[in-house]
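Visitor: Attaching a single structure in structure tokens format; questions to follow.
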Amino acid sequence: MKIMVVGGGGREHAIIKKLKENPEVSEIYALPGNGGIARDAVCVPIGAIDIPGVVKFAEENRIDYAVVAPDDPLVLGMVDALEEKGIPCFGPEKRAAIIEGSKAFSKELMRKYGIPTARYMIFDDPAKALEYVNEAPLPTVVKADGLALGKGVIIAFSREEATGAVKSIMEDKAFGSSGDKIVVEEFLEGPEVSVLSFTDGKTIVPMVSSMDHKRALDGDRGLNTGGMGTIAPNPFYTPEVAERCMNEIFLPTVRAMNAEGRTFKGCLYFGLMITKDGPKVIEYNCRFGDPESQVVLPLLETDLLTVMRAVTEERLGEIEVKFSDKKAACVIMASGGYPASYKKGFELTIPEELAETVYIAGAAEKEGKLVTSGGRVLGVTATADTLKEALSKAYEGVEKISFEGAFWRKDIGRRALNAAEEQK
Ligand code: AMP
Ligand code: GLY
């Protein structure tokens with residue numbers, strides 16, 4: 001089988017490594033992939049949002065199955081375009097990907113179907129939004145409606161910050177047309193849990209839970225990033241919480257999307273906050289998380305391609321999806337300065353023994369060597385019987401890798417470890 005994976009980050013590297021485990025897979029193409037992914041797949045220089053380019057490549061190369069991993073091509077309708085040519089895909093169609101593509105849509109969906117989330121208001125008129133945030137209780141949360149590279153959420157602790165956020169998103173168009181509308185919502189408190197799930201619109205199978213670490217610096221300080229590390233499972237996701245999530249959030253969301261004529265097939269990601277009033281949805285994503293995938297997929301025991309095809313063919317209910325009882329940790333190594341400006345082009349050395357557990361996010365190949373080419377450069381994942389061991393193995397790996405200006409958080413998993421201790 002010839003498989004094509006659209007995207008080129010750590011998440012795609014983790015997906016590709018997992019797909020390669022299936023002996024039926026003869027070739028994997030990554031569009032565009034990256035210098036590190038090139039060790040596991042054939043990288044093709046076609047951009048992840050180049051829908052005509054991707055479709056043409058798939059047709060010309062007789063691709064048997066396509067995985068569209070990132071949010072932007074999904075929201076733009078890449079799956080629809082591939083399906084039109086008869087290419088089976090993993091990923092939601094455009095009409096379902098809107099669950100991530102528009103926060104206004106997802107908030108209205110949750111309100112209409114009684115799915116727990118923060119109270120909110122939607123504005124398309126900056127004057128009305130400014131009037132509202134001048135009186136809303138603080139802190140208040142201002143979100144751009146559309147995709148914004150994970151940067152479209154501002155938690156405002158003062159009136160100045162709140163009005164500044166509205167002006168920057170709606171008037172200065174910091175995120176372009178993604179800021180034509182905004183959502184202003186209630187500030188929620190509690191531990192955050194990411195739950196990725198497989199769903200074919202009939203059945204939903206949650207994957208092992210995980211915890212991201214979004215801020216750049218230790219102690220959850222510094223700027224928001226795409227994610228600086230993850231652990232799985234998340235100790236705050238107890239069996240009781242899981243049961244409530246299934247009944248109050250997961251199943252109602254799948255049914256709501258069906259009722260709207262927007263059946264979701266693919267990986268539906270629930271960003272949850274476990275508040276004192278129970279679990280609430282912070283956000284939906286229409287795809288695998290990054291770097292959540294780097295801890296969740298290594299724990300998947302069932303063959304990934306088998307699960308993906310069952311989703312596409314709407315027979316997920318017929319197969320068993322198993323996860324290991326082990327724990328996993330992933331530490332992201334980033335370029336100095338990330339998520340603000342950073343330099344690229346530094347040589348990267350990764351010892352051979354780590355090749356299987358390092359997922360490359362931002363590296364290019366130059367004269368046979370790997371050089372840094374992005375903010376998040378790579379993630380070192382480790383699995384073990386305990387979270388503590390998994391973390392120390394991941395950090396041992398980090399110590400063996402070097403590139404100029406490398407930085408990483410030293411406290412990935414600390415909050416989870418403390419919580420796990422308290423639960424004993
Ligand atoms: P999002 O891009 O929607 O996941 O938001 C990014 C981060 O902002 C989340 O992971 C939360 O840490 C935080 N956040 C978003 N919405 C809220 C909220 N209503 N209350 C508190 N924190 C929030
Ligand atoms: N790690 C957060 C995300 O993938 O959206």
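The values are calculated or read from the model by the stated rules, or taken from the named source; none is laboratory data. A quick note: this is a predicted structure, and the numbers were derived from the prediction, not measured. For neighbour counting, all protein chains shown are included, and Cβ atoms are generated from backbone atoms with ideal geometry for every residue, glycine included. We work out accessible area using only protein heavy atoms, side chains counted, and drop any ligands, DNA or RNA first. Shrake-Rupley method; radii C 1.70, N 1.55, O 1.52, S 1.80 Å.
Visitor: Between E301 and E160, what is the label-to-label distance in nm when each label sits 7 Å out along the Cα-to-Cβ direction?
Guide: 5.6 nm
Visitor: Roll a 1.4 angstrom probe over the protein heavy atoms and tell me the percent of accessible area of the chain that is carbon or sulfur.
Guide: 49 percent
Visitor: Now, a different point. Taking the mean number of other Cβ atoms within 10 Å as a proxy for protection, how do you rank 222-228, 289-295, 275-281 from highest to lowest?
Guide: Sorting 222-228, 289-295, 275-281 by mean packing, highest first, produces 289-295, 222-228, 275-281.
Visitor: Scan around A363 for amide H atoms under 5 Å from its own, H built in the peptide plane at 1.01 Å from N, and keep only partners 5 or more places away or cross-chain.
Guide: Long-range HN contacts for A363: G35, G36, S373.
Visitor: Next up: Which lysines, on any chain, are close to K107 with Cα under 27 Å apart, when same-chain ones fewer than 8 places away are left out?
Guide: K94, K128, K143, K151, K167, K173, K181, K202, K214, K265, K276, K280
Visitor: Also, I was wondering about something else. Have a look at T386, T312, T253 and tell me which one the Gaussian network model of the chain (Cα, springs below 10 Å) gives the largest fluctuation.
Guide: Highest fluctuation of the listed residues: T386.
Visitor: Please state the Cα pair-distance histogram of region 199-311 with 5 angstrom bins from zero: what percent is in each bin?
Guide: P(r) for region 199-311, in whole percents per bin: 2, 10, 19, 23, 21, 15, 7, 3, 0.
Visitor: Highest mean first, how do 158-171, 323-336 rank when packing is the count of other Cβ atoms within 10 Å averaged over residues?
Guide: Working: 158-171: 18.1, 323-336: 22.9.
Put in order of decreasing packing, that is 323-336, 158-171.
Visitor: Right, something else. Would you mind working out the accessible area per residue for region 279-411, using a 1.4 Å probe, and quoting it in Å²?
Guide: Here the per-residue accessible area is 42 Å².
Visitor: If you don't mind, another one. Can you work out the Karplus-derived ³J(HN,Hα) for every residue in region 359-370? Use 6.51 cos²θ - 1.76 cosθ + 1.60 with θ = phi - 60°, whole Hz, and x for glycine or proline.
Guide: Taking θ as phi minus 60°, the curve returns 10, 8, 9, x, 8, 10, 9, 9, 6, x, 10, 8 Hz for region 359-370.
Visitor: Here's a follow-up. Along each of the three principal axes of the Cα atoms of the chain, give the extent in whole Å, ordering the values from largest to smallest.
Guide: The Cα atoms of the chain stretch 58, 47, 46 Å along the principal axes, largest first.
Visitor: Tabulate in residue order the Karplus-calculated ³J(HN,Hα) for region 66-78, using 6.51 cos²θ - 1.76 cosθ + 1.60 with θ = phi - 60°, rounded to whole Hz; enter x for Gly and Pro.
Guide: Ordered by residue, 3J(HN,Hα) equals 10, 10, 9, 8, x, 5, 4, x, 5, 5, 7, x, 5 Hz.
Visitor: Taking only the C-alpha atoms, wrap a convex hull around region 320-424 and report its volume per residue in Å³ as a whole number.
Guide: Looking at region 320-424, the number lands at 131 Å³ per residue.
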